[in-house]
Each structure stands twice: as C-alpha cells, then as structure tokens.
Amino acid sequence: MRLQDALLGTKMPVITFANTKGGAGKTTAVLLLATELVQQGFRVTVLDADPQQWITRWHKLSAVSDRLTVVPYVNASTIERNIADARPTTDYFIVDLPGARTSLLATAIGLSDHVLIPIQGCAMDAQGGANVLELLQYLERRANIRVPHSVVLTRVNPMVTTRALLAVKGLLAQRNVDVLNIPIVERAAFRDVFDCGGSLHTMDETQVSNLDKARENARLFAEEMVRRVPVKRAASRRRRAA
Ligand SMILES: Nc1ncnc2c1ncn2[C@@H]1O[C@H](COP(=O)(O)OP(=O)(O)OP(=O)(O)O)[C@@H](O)[C@H]1O
Ligand SMILES: [Mg+2]
C-alpha cells in the first residue's frame, strides 16, 4: 500500500491484467470485473493501455453507469498521472495492457496492488503468463518490490475438464502459483457483450444462450477479487445498483 493511502486510511486498489501473449482473455476479464464491480456499487476506472482500445470502443457503444470511467490511450509516461487524477473518484482501478512485452508492463506492475494473469485453460501454451511471473519474481529479487499476484484461468470448458486444463493447473501448482478458485468459463455472452455494448445485466436473455450462467460466473469472479483485494472504508460508500 502506498504511504499516502496508509496515512489516510484509504486504499483504492490498482488491479492490472497482464499476459504478454495476445488473446489470453485479458480484455474480456477486464470488462467482466469492471462491470460486476460497478454492479456491486463500486466506482471503477479502467485504464485502457491497449493501443487497440477495445474497452474504450465498447464503452462508447453504450454508457454502463456513471460509476464507470474509461481512460483511453494510457501509456508508460501517463499511467501514474492517470491514476493520481482519478484517485478521488475511484474505488478500483483496472488496467488493460497490450498482449506484448512493453516498457509499460513493468511500470504498470510497479503501480499495482494486484496483478492478475489470465491464462487460457483450453490451451497448453502458458508461456505469456510465465513471462509475467518471471518479471514479478525478478522485481522481488532485484528491487525488493513484491506485488501480490494470481492466475485466473480463462476460456475454461464448462462441460468437461480437458487434458489441457489439467496440464496448465499442474504446471502452475509445480511453481506454487496462486490460482483463483473461480475460472472464467468459455461463454458466448462474454464475446457478444463487446458487440452489444452495456453489460451482462443489460443483455437480452432471449438473444444470448446461457446468459444466466455467464452472469453467475462473472459475479463469483468479481466477488473473489473483492475478497482478495478489498477496498478499505468501501462499506460506507457502497450502494446496491438499482
Ligand atoms: N471466456 C471467454 N468466452 C468466450 N470468448 C472469450 C472468452 N475470453 C476471451 N474470449 C475471446 O477470445 C478472444 C481474445 O480475448 P481477449 O481480447 O479478451 O484477449 P486479450 O488477452 O485481451 O488479447 P490481446 O492480447 O490481443 O489484447 C476474443 O475474441 C474474445 O471474445
Ligand atoms: Mg486485450
């Protein structure tokens, strides 16, 4: 926790999603966590640091809530200022990084209270996640900077436990990596929400298959993150979404 926050007794956590491999499910997980936290009454600022600007484009499609702010074109030289500027009006910061090794990765990690590494449970290739884990270990070893982190398994098959999932889990267990209890399941709703705009809660149940299960998955994922990375004094501010 930062000294200023400690003195004030406040904490607006910064959660960064990182995986240097493209397509691991970062942006999808960012959208789910942001919209669920907003649904729970938190004020969320998403820092869109991906040059492709998926979150910014999605946000422009329809306003989710005035509790959600998306800051576009965040980069290594602006991120610290972006966080400082929005701190008074934010409970949670969520950072969406590009799927590549950039100077922004280390900068964002250094500013984070928690790094979440999405790794596809449906693919054997966990190398992009391993790169981030190595960087976190390097920062701890060389600079004594310890940033709490965990893996969230993504695109997990809802019907069967695949061999690929078991292999990824085995690899992570061998390395003593903390894995979230709730994986993000492969759901059509998680793709469609980017085209529809809004959130899982504004989508039409008659148009999207298994929307109830997608909502339940996103809610449990966000609840686990709130337990792991709580906001101090948030209780007095929390309002249930209408
Ligand atoms: N849980 C999921 N269910 C269904 N589709 C998913 C899920 N997670 C990701 N996808 C799809 O996989 C593709 C890649 O996901 P996403 O854009 O979230 O990955 P990313 O890590 O942000 O990629 P990049 O590194 O390019 O930014 C997208 O088409 C997305 O819709
Ligand atoms: Mg992305």
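The values are calculated or read from the model by the stated rules, or taken from the named source; none is laboratory data. Quantities reported herein were computed from a predicted structural model and do not represent experimental measurements. Counting neighbours? That spans all protein chains shown, and the Cβs are built from the backbone with ideal geometry, glycine included.
In table form, for the structure just shown:
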{"quantity": "From 35, 10, 20, residue being modelled with pLDDT of 95 or more and not basic (Lys, Arg)", "calculated": "35"}
{"quantity": "Exclusive hit being within 16 Å of ligand 2 (Cβ to nearest atom) and either touching a strand residue (DSSP E or B) at 6+ places or on another chain (Cβ under 6 Å) or free of Cβ contacts under 8 Å to residues at least 40 places away in the same chain (or both), set 56, 69", "calculated": "56"}
{"quantity": "Residue identified as more than 14 Å from the chain's Cα centre (by Cα) and not small (Gly, Ala, Ser) among 45, 28, 35, 56", "calculated": "56"}
{"quantity": "Yes/no for residue 221 being modelled with pLDDT of 90 or more and in contact with a Ser or Thr (Cβ under 7 Å, 6 or more places away or on another chain)", "calculated": "no"}
{"quantity": "Filter result (closer than 19 Å to residue 231 by Cβ and part of a loop (DSSP other than H, G, I, E, B)) within the range 65-83", "calculated": "65, 66, 67"}
{"quantity": "Selected residue (criterion: surrounded by the most Cβ atoms within 10 Å (Cβ to Cβ)) from residues of the range 196-216 that are of a type in the set (Gly, Ala, Ser) and in a loop (DSSP other than H, G, I, E, B)", "calculated": "199"}
{"quantity": "Scan of the range 145-163 for residues that are within 23 Å of the chain's Cα centre (by Cα), more than 18 Å from residue 135 (Cβ to Cβ) and not polar (S, T, N, Q), ordered by number", "calculated": "153, 155, 156, 158"}
{"quantity": "When residues of the range 49-72 are limited to those that are of a type outside the set (Lys, Arg) and more than 16 Å from ligand 1 (Cβ to nearest atom), the one surrounded by the fewest Cβ atoms within 10 Å (Cβ to Cβ)", "calculated": "66"}
{"quantity": "Matching option when the condition is of a type in the set (Asp, Glu) and within 16 Å of ligand 2 (Cβ to nearest atom), among 195, 212", "calculated": "195"}
{"quantity": "Positions within the range 183-195 being in contact with a Ser or Thr (Cβ under 6 Å, 6 or more places away or on another chain) and surrounded by fewer than 17 Cβ atoms within 10 Å (Cβ to Cβ), in sequence order", "calculated": "188"}
{"quantity": "Matching residues in the range 13-49 - criterion: being out of contact with any Gly (no Cβ under 8 Å at 6 or more places or on another chain), within 11 Å of ligand 2 (Cβ to nearest atom) and in a loop (DSSP other than H, G, I, E, B)", "calculated": "18, 25, 49"}
{"quantity": "Matching residues in the range 33-48 - criterion: being more than 16 Å from ligand 1 (Cβ to nearest atom) and either without any contact (Cβ under 8 Å) to a residue 24 or more places away in the chain or of a type in the set (Gly, Ala, Ser) (or both)", "calculated": "41"}
